[in-house]
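Enquirer: Pasting a structure here, questions to come.
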Amino acid sequence: MDAPRETFYDVIRRQGITRRSFVKFCSLTAASLGLGANGAATVAHALETKPRIPVIWMHGLECTCCSESFIRSAHPLVKDVVLSMISLDYDDTIMAAAGHQADAILQETRQKYKGQYILAVEGNPPLNENGMYCIDGGRPFVEKLTEMAADAMAVIAWGACASWGCVQAAKPNPTQAVPIDKVIRDKPIIKVPGCPPIAEVMTGVVGYVVTFGRLPELDRQGRPKMFYSQRIHDKCYRRPHFDAGQFVEAWDDEGARQGHCLYKMGCKGPTTYNACSTTRWNGGVSFPIQSGHGCIGCSEDAFWDKGSFYDRLTNISAFGIEANADQIGMVAAGTVAAGLAVHAGVTAVRRLTDKSGPHGH
C-alpha cells in the first residue's frame, strides 16, 4: 500500500518554515489571486489538507527562460517553497537524474499518477521531418509530448513558445514549429504566454489549481482571466501622458526624461494583455515600460511576425479601460458597424449639401 502523498504544509514544516510564515504566505497568495476576505483561510485549508499535485515538466524547442523566471519567483512564493507547492517529479533541466534514469522516472510518474498529474510544457514541437528537429531521449519531442498528454489531468503551456509558437514558429518557420494546442487536442490547456511569463503569474496559476482543484477561468484564447483580462496600457502609470498627448518622440529626448508615453516609439501596451504593469517583474521592482522601453507584446500571438518592435501601432481603437479580451472582438465589430453607419450618414449629408448649394437653397 502506497504511503499517503504529502501536502504542501507537510513539506514546508519539514523544511523549518514557521506557522506564522505559512499564514503570511497564504495571505500573499490569496491577494495575488484576487480572492476575497476569506481567501487566505481558503488557501491555508487547501495547502494543509490536499496532496501536492504531481507535475511533469517537459521541454521542447525553447530557451529555458520560463524555467528561469519560475524559479525566481519572489512574491507570493518565497524562494524556499517555490517547488514545494507541487510535486515536481520530472523536469530534465533541474532534476539530478539524467539519461535513461530520467526517462525511467518520467514513465514511472506517468503510470503512478495516471489521470492525476499536470503536464507543464515549456517550448513547442517542430513537425517537419517527422519531428526530427527536436529529439528528446532519442525520440522526437512531439511523440513524447503526445504520449504524456494522453494521461494528464490538464496541460499548462508555459510561455509564448508553447502558447503561440514564438520565434521558432516565426516566418518562414523551416522546422514547422507549432504551439502545443495544434498537437494536444483532447485535454484542457491553460496558456500562460509571455517571453517569459511573469514568475508570480506562473506560481499564481499553480496556486489556484492547488487551492481549488480546478482550472482558473480562461478567456477565449485559453489564458487565465485573473492575469490576462486587461491591457497593459490600461494600468500603465504612463497612461495619463497618453491621454494628454504627451509622447516620447526620440530616445532620450525631454519627453523620455519626463516619463512620457512610449506609444510613438512602438510600445505595444495598447494591444497586449498581461499583468506586467500591475504585478511587474523582479519581485515587483519594475517592468519594461518603467525601464524606458516600450512593450513588445510578447504575450500575444505571432508577436514576432508583426513588424519591428519599434513600429508605431496604427490599429488602436478607443476601447474603454474596462474592456477585456473577451469583449474586445465584440466591441471592435460594433465600432466598425457604428463607424460605417456614421460614414454613411456624413456622406448622405454631403450629397444633400452639394445638391442644394452652399446656402442650402
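Throughout, read-outs are computed from the coordinates displayed, never taken from laboratory work. Everything quoted here is computed from the prediction, not taken from an experiment. Cβ sites come from the backbone with ideal geometry, for glycine too, and all protein chains shown count toward neighbours.
Enquirer: Step through the residues of region 156-169 one at a time and calculate ³J(HN,Hα) from phi using the Karplus curve (6.51 cos²θ - 1.76 cosθ + 1.60, θ = phi - 60°), rounding each to whole Hz and writing x for Gly and Pro.
Expert: Each residue's phi maps through the Karplus curve to give 10, 9, 7, x, 5, 5, 6, 6, 10, x, 6, 5, 5, 9 Hz.
Enquirer: Another one. Could you tell me how far the Cα centroid of region 101-148 sits from the Cα centroid of region 222-290, in Å?
Expert: 37
Enquirer: Kindly provide log₁₀ I(q)/I(0) values, in the same order as q = 0.09, 0.15, 0.17 Å⁻¹, from the Debye equation applied to equal alpha-carbon scatterers of region 17-157.
Expert: For the requested q values the scattering log ratios are -0.34, -0.84, -1.00.
Enquirer: Report, by chain and number, residues whose modeled amide H sits under 5 Å from the one on ILE156, excluding near sequence neighbours (fewer than 5 apart, same chain).
Expert: LEU119, ALA120, VAL121, ILE190
Enquirer: Can you divide the C-alpha Rg of region 92-208 by 2.2 N^0.38 Å and report the result to two decimal places?
Expert: 1.06
Enquirer: Another one. What pairs in LYS191/LYS235; LYS187/LYS225; LYS114/LYS182; LYS235/LYS306; LYS24/LYS268 have C-alpha atoms more than 30 Å from each other?
Expert: LYS24/LYS268
Enquirer: In percent, what relative contact order does region 8-227 have, based on Cα pairs under 8 Å that are 6 or more apart in sequence?
Expert: The value is 22 percent.
Enquirer: Amide H to amide H under 5 Å from ASP136: which residues, 5+ apart in sequence or cross-chain, H placed 1.01 Å off N in plane?
Expert: PHE141
Enquirer: OK, next. List, in order, the whole-Hz ³J(HN,Hα) value for each residue of region 99-107 obtained from phi through the Karplus relation with A = 6.51, B = -1.76, C = 1.60 and θ = phi - 60°; use x for Gly and Pro.
Expert: x, 4, 5, 5, 5, 5, 5, 4, 5
Enquirer: In which sequence would TYR113, TYR310 go, from the one with the fewest C-beta neighbours within 10 Å to the one with the most?
Expert: Neighbour counts put them in this order, fewest first: TYR310, TYR113.
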